[in-house]
1. Could you tell me which of the residues Thr298, Thr319, Thr254, Thr269 is surrounded by fewer than 20 Cβ atoms within 10 Å (Cβ to Cβ), among the hydroxyl-bearing types (Ser, Thr, Tyr), touching a helix residue (DSSP H, G or I) at 6+ places or on another chain (Cβ under 8 Å) and on the phi < 0 side of the Ramachandran plot?
2. Can you tell me which of Ile154, Ile161 is buried (at least 18 other Cβ atoms within 10 Å of the Cβ), touching an Asp or Glu at 6+ places or on another chain (Cβ under 8 Å) and modelled with pLDDT of 95 or more?
3. Please tell me if Ala276 is surrounded by fewer than 16 Cβ atoms within 10 Å (Cβ to Cβ) and in a helix (DSSP H, G or I).
4. Which of the residues belonging to region 120-170 are within 20 Å of Ile181 (Cβ to Cβ) and assigned to a helix (DSSP H, G or I)?
5. Got at least one residue in region 244-251 being buried (at least 21 other Cβ atoms within 10 Å of the Cβ), modelled with pLDDT of 95 or more, of a type in the set (D, E, K, R) and not in a strand (DSSP E or B)?
6. Sort out which residues of region 207-219 are touching a strand residue (DSSP E or B) at 6+ places or on another chain (Cβ under 9 Å) and touching a residue at least 40 places away in the same chain (Cβ under 8 Å), and write them in order of number.
Amino acid sequence: MNMMHLRRTALIAICATTLTALTGLSNAEDLRLGSNFGDTHSSTRALKEVFAPKVEELTQGRHTASVFANSELGQTSEMVNQAQSGINFGVYVSTAFYNSQVPALGVTNLPFVFSDRETAFKVIDGKFGEQLKPQFEEKGLVILGFMELGFRHITNSKHPIVEPKGVAGLKIRLQSNPVHIATFELLGASPVALDGTEIFSGLSQGVVDGQENPYSVINNLRLYDAKQKYVSETGHFFDIIVFAGSKAVLDRMTPEDRAAVIEAGRLATIEQRRIAAEDEAANRKVVAEKGVEITVLTPEQREAFRAATAPVYDQVRGTLGKELVDSFLAEVAANE
């Protein structure tokens, strides 16, 4: 009887151990990340080369990560919603696609607000960025990193642009971003909101005459093959990529694994910024080699664009609040 009891006890212990192991395996998740950026973009590279291996390493294989570029998981706004709901783990896209969830982020889209990337990241890594994080969490998203998209320039199929009136009358593809749209309306353009998946075809088919993006996107999307003969280095917006994870997914992890994933995001963000800064000159060189005419604005010409778009600041004060805009501008000035 005692022997049978011992055997039964041993069997129960083995079953319990097996069940625990299986339960641990079932809790392991593959963290799916989506974006409209291409495979060669600095953000995708950093997430594949740093985030994914670090997640697996730091969680000791309890979690893995898969990166889906080129809008494989859907249109940009859909991917943001997928992360919010926990259908997918994360998304890394431009600030424009979070403005409806976190309107305060819109102040970073003001034209000519940042003089250089260093100032931009001092601000976004500082008090302002910290104030944004709880607002993202209220919408089901946890900030894993603020990455660099870079200074945006105007491309078009019609003519070189050296002054604000050169933009007037052009159909320009823009993100669905109220601040961006208001800025180009002031310049006399006809803004057309197209998803990133539609840019190349829209330009090729003449639905739009031009668009605005950093050199990394101009090159990655091969816009020189979509009738974009001219680039004007306006640098009108400095754009940031928000890398966000699903709060629902992170909250069901153990505290140790949650911290590990957040650390992997931090390390990937550092690497992405490094690659982005390094790649800018290389992307510009490719665009020039493809026969695109690049116009470098003089300080006077750039100032004319700044003056022409300045009324947007008061418009944004009206929509987002004077206190928010002025405190943000004060922080920019303090970090220049």
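1. Thr319
2. Just one listed residue meets the conditions, Ile154.
3. Taking the combined requirement at face value, the residue does not satisfy it.
4. Scanning region 120-170 gives Pro164, Lys165, Gly166.
5. No, there is no match, as no residue in region 244-251 is buried (at least 21 other Cβ atoms within 10 Å of the Cβ), modelled with pLDDT of 95 or more, of a type in the set (D, E, K, R) and not in a strand (DSSP E or B).
6. Passing the criteria: Asp209, Gly210, Gln211, Glu212, Asn213, Pro214, Tyr215, Ser216, Val217, Ile218.
Conditions tested, residue by residue: (1) touching a Phe, Trp or Tyr at 6+ places or on another chain (Cβ under 7 Å); (2) without any contact (Cβ under 8 Å) to a residue 24 or more places away in the chain; (3) more than 18 Å from Ser232 (Cβ to Cβ); (4) in the same structural domain as Val107 (by TED's automatic domain parsing).
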residue: Leu297; (1), (2), (3), (4): no, no, no, no
residue: Gln301; (1), (2), (3), (4): no, no, no, no
residue: Ala308; (1), (2), (3), (4): no, no, no, no
residue: Val312; (1), (2), (3), (4): no, no, yes, no
residue: Gln315; (1), (2), (3), (4): no, no, yes, no
residue: Gly321; (1), (2), (3), (4): no, yes, yes, no
residue: Asp326; (1), (2), (3), (4): no, yes, yes, no
residue: Ala330; (1), (2), (3), (4): no, yes, yes, no
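Yes or no, residue by residue, for (1) in a strand (DSSP E or B); (2) closer than 29 Å to Lys322 by Cβ; (3) not assigned by TED's automatic domain parsing to the domain that holds Gln315:
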residue	(1), (2), (3)
Val55	no, no, yes
Gly61	no, no, yes
Thr64	yes, no, yes
Ser71	no, no, yes
Met79	no, no, yes
Phe97	no, yes, yes
Val113	no, yes, yes
Glu118	no, yes, yes
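The values are calculated or read from the model by the stated rules, or taken from the named source; none is laboratory data. As the structure is a computational prediction, the values presented were derived from the model and not from experiment. Glycine also receives a Cβ, built like all others from the backbone with ideal geometry; neighbour counts cover every protein chain displayed.
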